[in-house]
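The values are calculated or read from the model by the stated rules, or taken from the named source; none is laboratory data. Here the structure is a predicted model, which is why all the values come from computation and not from measurement. Cβ placement follows ideal geometry from the backbone for every residue including glycine, while neighbour counts extend to all protein chains displayed.
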Amino acid sequence: MELTIHAQAEEEIFYPAVRAAIKDNDLMDEADVEHAGAKNLIAQLEAMTPAHDHYDATVTVLGEIIDHHVKEEEEKMFPKAKKAKVDTTALGAALIQRKHELQAERGEAEPVKARKAQSR
Ligand SMILES: [Fe+2]
C-alpha cells in the first residue's frame, strides 16, 4: 500500500514538474515504465496468497525493480532536478500532503478489516 501511494503521489506531483524542468524525456519515460512494472507486480501479489508457487519470487522481483528504480532516481533524476533548480522543498511538501490524503482515502477501508477481525 505504501509503495502504491508513494508511486501515485510521485506521478501526480513530482514527475510532471521534473519532466518539465530537466528536458530528459527518456529518463522520465524509463521511470514511468518502472512504476508500471512495479504496479503490475503489486496487482499480481494482491491477487495471490503466500501459498502461490510464485509469490516469493514475485516479492523478490518487485524488490529488485524498486531497488533499481530508487538508484536511478537518486543517481540520475534527483541530481538533474537539482541542477535545473526544481523547487524540491515545495514539491516534497506537496508530495507528503498528497500521500497523507491518499492514506486517509485508503484508511476508509479499515473498518471492514476491523469487522473481519471481530468475526474470528
Ligand atoms: Fe519513482
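Some notes on this structure:
- Taking residues in region 59-81 that are in a helix (DSSP H, G or I), and partners anywhere that are of a type in the set (S, T, N, Q), the pairs with Cβ atoms closer than 7 Å and at least 6 places apart or on different chains are 81/88.
- Total residues in region 1-19, condition within 23 Å of residue 106 (Cα to Cα) and either over 10 Å from the mean Cα position of the chain (by Cα) or more than 10 Å from the ligand (Cβ to nearest atom) (or both): 9
- Residue in region 92-106 that is exposed (fewer than 11 other Cβ atoms within 10 Å of the Cβ), on the phi < 0 side of the Ramachandran plot, out of contact with any strand residue (DSSP E or B) (no Cβ under 6 Å at 6 or more places or on another chain) and of a type in the set (Gly, Ala, Ser) present: yes
- The one condition from (1) polar (S, T, N, Q); (2) surrounded by 14 or more Cβ atoms within 10 Å (Cβ to Cβ); (3) modelled with pLDDT under 95 that residue 58 does not meet is (3).
- The set of residues from region 20-54 being under 16 Å from residue 86 (Cβ atoms), more than 12 Å from the ligand (Cβ to nearest atom) and surrounded by 11 or more Cβ atoms within 10 Å (Cβ to Cβ) comprises 20, 21, 22, 24.
- Boolean, residue 54 is without any contact (Cβ under 8 Å) to a residue 60 or more places away in the chain and touching an Asp or Glu at 6+ places or on another chain (Cβ under 7 Å): no
- Among the residues here, residue 93 qualifies as under 11 Å from residue 13 (Cβ atoms), assigned to a helix (DSSP H, G or I) and of a type in the set (Gly, Ala, Ser).
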